[in-house]
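What follows is calculated from the coordinates using simple rules that are stated; it is not laboratory data. The model shown is predicted, which means the values in this text are computed figures rather than measured ones.
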Amino acid sequence: HDLSMYEAYQMPVPSDSGFQSVGPDLIDGGLVAKTAGATLNFTFSGTGLTLFLGNRDSVVVEYTVDGVQYQDVNVSDGILPILVDGLEDGTHTVNLRVKSVSSGSLFIRRFLVRGNTARKPVKILTR
């Protein structure tokens with residue numbers, strides 16, 4: 001996929017979600033979850049979203065966008081982008097949950113949002 005059509009957004013800093021903020025900024029930082037049941041809920045504006053998930057072992061993640069359930073993702077040994085595309089331009093809600101952790105941790109390094117018609121930076125907010 002051509003990532004030049006995407007804009008980088010700020011990383012959310014959740015509270016009491018099972019995720020922890022690591023690192024100082026979007027490039028060096030991110031979020032980490034070490035246990036099953038960790039959840040991350042946020043909104044974004046645009047027509048699509050790419051989440052870059054990483055792990056050194058095996059973590060299963062489930063997620064919805066605007067209430068639509070997508071196929072569970074097994075993140076193992078590396079970085080896996082999850083792409084959601086073709087949404088109507090507007091505000092969308094993402095709910096992500098760590099379903100299982102065999103070992104290691106789930107890392108979320110960045111989010112890329114596609115089709116923000118305002119072309120202005122929009123902070124991703126946690127709930």
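Brief remarks follow.
- Once the Cα-Cα distance is subtracted from the 0.36 nm per residue extended length, the Asp16 to Thr35 segment shows a gain of 5.6 nm.
- A straight chain from Lys99 to Val68 at 0.36 nm per residue would run longer than the Cα-Cα distance by 9.5 nm.
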